[in-house]
Amino acid sequence: MKKILFATFILLSITTFSQEKNIEFPEKKNLLKSVAEETCKCIDSIIITDKSHAKISEEISQCIKKEVTAYQTGLKLIDAQKESEKGVKKININIQMNENSNEYKQYYYEIENYLRDHCTSMNDKIDTNEKKSHKSISTDSKAIQFYNDGITEYKNKNYEVAIVQFKKAIEQDYYFPFAWDNLGICYRKLGNYDKALDAYQTSLKIDPTGKMPLQNIPIIYIYKKEYQKAIDAYQEMKNVYFDDPEIEYGIGQVYFQYIKDYEKSLDFIAKAYNKYVKINSPYRSDAESIIQSIYKIMKEQNKLETFHKILNQNNINFDEKK
């Protein structure tokens, strides 16, 4: 059974089934690889300093769009060559330039999905936190040095040593949110979730808009298997970052993976999906994957009517095609 997922309010069509058809031959796979490598170079050149997730996603999208025409042209030339070898004399090659067309989006998403699996630079940049606020960094040179030493140790996975350095930074300048944030990360890496939670909460007292602690507090609650607290923490994040799709996606994941409430999960993931699409975020494919998984589960539960109802309420249609 093949499926197409598309959001009707923006006429988006995600033809996941078409990827199997269009990259099944070695020459097509090689073309996709070549195009994706060029796209990854473009993404690698993106400067992310003081840019929001939305801005970074838009610049990534522009890199992909630069290669869509070359990719679809190459694919159609390969198909034309195969038709010619079969004896077809007249072959028309039409290049789709309309970015809102289903065909154009098909090629765009094939490149994007390949990048998600093979372009480290893209994944690193879409995982980058929002720009820092004026409260994030210390003005104390000694605190900064201790902090940088902690970052070095963290990168080398010497988490206990990194904790010592971050603590020194905090002792030098208590009001240093990034030091508290990274202290929390190190504690989390070591499995000390209560201390990690304390560090994140202290960071938020200093800077209530800090995105790193707001994102990580629900993760800590998930590790502690306190799932409702994780959901509540995501909802609190919404007070600061109302339009951030990571909120709905995070809640949807908790309902899907841990609570096993697939109807609630579907509603939140659908909302995240629409927001990802709106800002051209590659995380769209992650949300789509969860929707596909929920479809299979609810089909087995004979709840497809409810499945479609929830998606329709979110202006998303889900068609099944053989």
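The values are calculated or read from the model by the stated rules, or taken from the named source; none is laboratory data. Owing to the predicted nature of the structure, the values given are computational and were not obtained by experimental measurement. When we count neighbours, we look across all protein chains shown, and the Cβ atoms used for this are built from the backbone with ideal geometry, even at glycine.
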Any idea which of Lys33, Lys28 is without any contact (Cβ under 8 Å) to a residue 60 or more places away in the chain, at negative phi and among the basic types (Lys, Arg)? Lys28
Taking region 185-242 and keeping residues closer than 21 Å to Asp261 by Cα and of a type in the set (A, V, I, L, M) leaves Ile219, Ile220, Ile222, Ala230, Ile231, Ala233
Before we move on, is Ile297 buried (at least 22 other Cβ atoms within 10 Å of the Cβ), over 14 Å from Pro245 (Cα atoms) and not aromatic (Phe, Trp, Tyr)? no
Filter region 37-64 for residues that are modelled with pLDDT of 90 or more and over 18 Å from the mean Cα position of the chain (by Cα); which is surrounded by the most Cβ atoms within 10 Å (Cβ to Cβ)? Cys42
Can you go through Lys76, Lys89, Lys28 and tell me which one is modelled with pLDDT under 90, under 29 Å from Ser293 (Cβ atoms), basic (Lys, Arg) and not in a strand (DSSP E or B)? Lys28
Selection within region 269-322 - outside any helix (DSSP H, G or I) and of a type in the set (Gly, Ala, Ser): Ser281
Residue pairs qualifying under the 9 Å Cβ cut-off, at least six apart or on distinct chains, with the first in region 263-280 being at negative phi and the second being polar (S, T, N, Q) and buried (at least 24 other Cβ atoms within 10 Å of the Cβ), are Lys275/Ser281
Just for region 65-101: of the residues that are under 30 Å from Glu246 (Cβ atoms) and more than 22 Å from the chain's Cα centre (by Cα), which one is surrounded by the fewest Cβ atoms within 10 Å (Cβ to Cβ)? Ser101
Pairing a residue in region 151-163 that is surrounded by 16 or more Cβ atoms within 10 Å (Cβ to Cβ) with any residue that is β-branched (Val, Ile, Thr), where Cβ atoms lie under 7 Å and the two sit 6 or more apart in sequence or on different chains, gives Glu153/Val161
Can you tell me which condition Val240 does not meet? The list is (1) in contact with a Pro (Cβ under 8 Å, 6 or more places away or on another chain); (2) more than 23 Å from Tyr147 (Cβ to Cβ); (3) modelled with pLDDT of 95 or more, and all the others hold. (3)
